[in-house]
1. Rounded to the nearest 500 deg cm²/dmol, what is the calculated helix-only ellipticity per residue at 222 nm for chain B, with -39500 (n - 2.57) per DSSP H run of length n ≥ 4?
2. To the nearest 20 debye, what is the magnitude of the charge dipole of region A:387-480 about its Cα centre, counting +1 on the Cβ of each Lys and Arg and -1 on the Cβ of each Asp and Glu?
3. Beyond 18 Å, what share of the Cα-Cα pairs of region A:329-399 is found? Please give it as a whole percent.
4. Using Cα positions and a limit of under 14 Å, work out the aspartates and glutamates in reach of B:Lys186, with same-chain residues fewer than 8 apart set aside.
5. Measure nothing but the geometry: give the 0 to 90° angle between the long axis through the Cα atoms of A:362-376 and the longest principal axis through the Cα atoms of chain A, rounded to 10°.
6. Among B:Gly344, B:Tyr246, B:Val56, which residue has its Cα positioned farthest towards the positive end of the charge dipole of chain B, with +1 placed on the Cβ of Lys and Arg, -1 on the Cβ of Asp and Glu, and the dipole taken about the Cα centre?
7. Give me a single rounded figure for B:54-64: the average over its residues of other chain Cβ atoms within 10 Å of their Cβ.
8. List the pairs from B:Lys94/B:Lys219; A:Lys82/A:Lys232; A:Lys419/B:Lys269; A:Lys66/B:Lys376; B:Lys66/B:Lys376; A:Lys94/B:Lys119 whose alpha-carbon separation is above 28 Å, in the order I gave them.
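Values quoted throughout were computed directly from the atomic coordinates according to the rules given, and no laboratory measurement underlies them. As the structure is a prediction and not an experimental result, all values here were calculated from the model. Glycine also receives a Cβ, built like all others from the backbone with ideal geometry; neighbour counts cover every protein chain displayed.
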Number of protein chains: 2
Amino acid sequence: MPLLRLLPRRAWAALLSQLLRPPCASCAGAVRCQSQGTRDLSPQHMVVREKILDLVISCFKRHGAKVMDTPAFELKEILTEKYGEDSGLMYDLKDQGGELLSLRYDLTVPFARYLAMNKVKKMKRYHVGKVWRRESPTIVQGRYREFCQCDFDIAGQFDPMIPDAECLKIMCEILSGLQLGDFLIKVNDRRIVDGMFAVCGVPESKFRAICSSIDKLDKMAWKDVRHEMVAKKGLAPEVADRIGDYVQCHGGVSLVEQMFQDPRLSQNKQALEGLGDLKLLFEYLTLFGIAEKISFDLSLARGLDYYTGVIYEAVLLQTPTQAGEEPLNVGSVAAGGRYDGLVGMFDPKGHKVPCVGLSIGVERIFYIVEQRMKTKGEKVRTTETQVFVATPQKNFLQERLKLITELWDAGIKAEMLYKNNPKLLTQLHYCESTGIPLVVIIGEQELKEGVIKIRSVASREEVAIKRENLVAEIQKRLSES
Amino acid sequence: MPLLRLLPRRAWAALLSQLLRPPCASCAGAVRCQSQGTRDLSPQHMVVREKILDLVISCFKRHGAKVMDTPAFELKEILTEKYGEDSGLMYDLKDQGGELLSLRYDLTVPFARYLAMNKVKKMKRYHVGKVWRRESPTIVQGRYREFCQCDFDIAGQFDPMIPDAECLKIMCEILSGLQLGDFLIKVNDRRIVDGMFAVCGVPESKFRAICSSIDKLDKMAWKDVRHEMVAKKGLAPEVADRIGDYVQCHGGVSLVEQMFQDPRLSQNKQALEGLGDLKLLFEYLTLFGIAEKISFDLSLARGLDYYTGVIYEAVLLQTPTQAGEEPLNVGSVAAGGRYDGLVGMFDPKGHKVPCVGLSIGVERIFYIVEQRMKTKGEKVRTTETQVFVATPQKNFLQERLKLITELWDAGIKAEMLYKNNPKLLTQLHYCESTGIPLVVIIGEQELKEGVIKIRSVASREEVAIKRENLVAEIQKRLSES
């Protein structure tokens with residue numbers, strides 16, 4: 001076993017355990033998972049992803065956003081105490097001398113750090129990048145330890161609710177554009193949540209902990225959430241029950257009006273501010289033509305610590321369960337909110353820059369689209385090759401190389417087989433299996449006559465054209481198709 | 001200081017030291033570095049990057065490559081003993097329970113691991129992604145601890161030198177396309193390097209170490225490399241001098257012929273194999289029309305352990321030093337080679353998959369292009385907004401919101417100010433400073449007459465058009481510009 005010299009024994013053990021581990025649910029067959037909770041993205045995955053990301057990014061650009069990027073890791077201290085109960089999921093780097101670093105947990109905190117460090121007071125930016133969380137790998141339904149986030153944020157002091165409304169408009173445009181089926185965006189306000197806690201009798205010190213519990217209402221029944229609040233977080237049962245009355249409420253702008261009249265909530269200054277902003281928000285949403293997609297929902301709390309105002313979360317109302325398609329439960333597909341205090345935490349003088357933003361849950365969307373394609377038996381091409389260079393004769397490598405150079409140099413996407421003497425059938429079969437639409441064929445006859453044959457793979461029709469017209473003819477055909 | 005509660009003292013110290021640290025050379029002014037040796041990429045950086053990456057990726061696609069991605073971290077064992085002397089630069093993750101992980105050091109080893117784990121025997125793929133190396137931060141001239149790699153590789157058993165020649169063709173297409181000035185690609189073969197070592201009398205156990213020294217010839221003078229080989233690596237001085245005679249040689253295909261006749265080298269089987277392949281390679285390069293860009297260079301060694309055959313490295317021959325432009329010394333801008341043994345190292349049975357590939361040194365290219373733009377005073381737009389929605393009147397927010405919705409819904413990139421009552425001059429100034437070409441203006445008069453004014457920012461001409469023709473008129477103007 002000379003190979004043993006090349007790989008340390010420990011690596012062998014790791015590799016073997018990888019190979020013996022059953023393939024994970026969502027990548028059965030094609031791709032086996034690599035380190036736990038992560039996976040390789042095959043060309044099939046990537047093509048679907050790139051199409052979805054293109055749509056998302058073009059929407060962000062339509063709304064005037066710039067793009068930026070930050071490093072994969074941040075100083076550990078920058079990320080500490082920003083994420084509430086989930087902070088334990090951060091990946092730390094080993095201390096190899098130097099600073100203590102952690103992999104970024106989201107794109108929002110690095111953005112806030114960037115604004116503060118560069119004293120940027122106003123910015124509309126998007127950011128598409130990987131983030132990492134050490135969650136126990138539930139690799140079904142698109143939850144991985146490494147995943148992609150697509151964020152859009154508006155930083156700056158502006159008149160109230162205009163940027164907030166635009167964020168909701170963007171979520172609607174993206175979810176409509178992706179044709180994922182009907183969706184609803186739940187909206188609430190952190191000040192209403194906190195006001196509700198206050199008037200129900202939650203001690204202020206428990207606000208964030210109870211907020212985390214409420215946030216689980218989309219995955220857990222009320223009675224379990226109530227149990228967590230009472231038994232684990234020490235909330236008085238009658239307080240929990242008062243909260244229970246509120247969190248059932250959801251509706252349109254009329255619910256906002258109703259809450260203004262609520263005998264308890266209307267006594268709370270914070271809640272009134274939140275309600276006032278929501279009323280204005282609904283006015284703008286109506287002008288944007290999306291008010292019917294938005295539901296004011298008192299059960300929406302959002303887990304992250306840094307929100308200070310409007311919060312929102314988009315859910316798919318139903319995934320079209322066609323014959324044979326498994327019902328999907330994917331949770332929220334987009335979310336966000338206002339965080340006016342985060343930038344100030346990174347500024348030595350505490351100068352605040354108000355921000356509002358959204359994150360598209362692209363991993364879940366990738367999963368839904370892939371499942372749907374699987375059900376429909378849809379296949380995607382993983383290359384964009386337009387022309388294949390073939391020959392029916394032996395010893396024609398030189399001519400093929402000259403021909404393909406002409407195509408490449410004209411910007412045409414072209415391939416050939418890396419064989420000296422491939423069979424014509426093998427070459428044509430390659431085109432059919434990879435979806436290449438055109439073949440150009442050169443043989444002795446063609447060389448003698450100064451022509452090239454062009455073959456349409458779909459129709460199998462062949463025509464001979466003059467060699468010097470080749471590029472023009474191919475460009476014509478490609479522009480027509 | 002209520003803020004102190006929000007940020008632990010350690011975070012403050014870290015932040016302050018960041019803020020007090022002088023900005024790094026290459027991002028002076030705009031962007032301050034974050035954790036040592038990394039940096040944020042501002043919209044200005046990103047726009048330049050995306051243009052360059054678009055060109056690189058479109059070339060990879062022109063040659064029929066699929067795209068894939070792998071996780072940012074790998075099992076540490078996968079990366080161990082693949083990178084020669086530089087392995088110490090790997091970033092390890094902290095052991096937080098579970099597997100030992102490291103950030104990927106390049107994209108080649110993860111690709112080989114992917115092929116082996118998925119039993120893929122044939123694949124032409126590209127991969128654009130970040131990699132991380134704990135180099136002492138020399139953040140001048142585009143060397144960072146986090147950087148982007150753009151790799152293209154062809155895996156599979158094919159007839160000799162056809163894929164290898166295509167890799168060189170791709171490097172030429174990309175470097176020509178980027179208009180970086182004249183360039184040269186040095187070519188050699190690991191078997192010729194090893195054959196040269198053997199006939200010069202290097203003990204086989206020292207091959208890789210001496211190879212690492214030779215690899216430094218582009219940065220160090222021969223006498224310093226010789227000193228390292230003799231004093232640090234224990235090579236006999238006369239052996240070093242014999243190597244010295246060879247590594248001076250560079251030339252075209254005629255040098256290949258000459259080396260076939262070399263009394264010592266022609267006695268070495270490995271070297272002869274390498275020379276035979278290079279001869280064939282030059283034949284194909286001539287057919288591709290790029291032979292004059294390629295130089296057979298016996299001083300080229302490449303530091304990485306995994307190369308087994310042809311190796312290559314592209315260097316810019318001169319950077320056009322126009323008046324005021326600083327002379328640039330950027331080293332190699334693209335490199336690669338054949339690595340036939342790497343995939344087999346990850347296969348339990350040692351099954352080999354021959355591979356050849358290339359990596360574009362995009363960070364250095366970003367740096368060159370940015371420097372050039374700086375010298376020329378060129379500015380890039382960081383948004384793509386086509387139309388700005390303005391009003392000269394107070395209380396026109398509602399109309400502006402309705403108008404911009406029409407534009408967004410028609411796919412037009414549009415912005416407006418997030419103010420209830422902005423001044424017209426402020427609005428027009430925003431368009432001029434951000435490069436938005438068109439303004440649509442709505443006021444009382446226009447509303448009454450059912451028209452909208454369209455203003456060209458460049459010419460300051462204004463025309464009134466019917467409101468219902470707005471989208472069509474804007475699309476027409478945008479398609480004409």
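1. Details: 17 runs with 186 residues, N = 481.
The helix contribution divided over chain B gives -11500 deg cm²/dmol.
2. Values: 14 positive and 13 negative charges, 42 e Å.
Using Cβ point charges on Lys, Arg, Asp and Glu, region A:387-480 gives about 200 debye.
3. On the way: 1746 of 2485 pairs.
I get 70 percent for the Cα pairs in region A:329-399 exceeding 18 Å.
4. Within the straight-line limit of under 14 Å, B:Lys186 reaches these aspartates and glutamates: B:Asp164, B:Asp215, B:Asp218, B:Glu292, B:Asp297, B:Glu313.
5. Approximately 50 degrees, to the nearest 10.
6. Sorting the options by dipole projection puts first B:Val56.
7. Working: counts 0, 0, 0, 0, 3, 3, 0, 4, 12, 7, 11.
Across B:54-64, the average partner-chain Cβ count within 10 Å equals 4.
8. Numbers: B:Lys94/B:Lys219 35 Å; A:Lys82/A:Lys232 22 Å; A:Lys419/B:Lys269 25 Å; A:Lys66/B:Lys376 23 Å; B:Lys66/B:Lys376 37 Å; A:Lys94/B:Lys119 32 Å.
Distance filter (> 28 Å) returns B:Lys94/B:Lys219; B:Lys66/B:Lys376; A:Lys94/B:Lys119.
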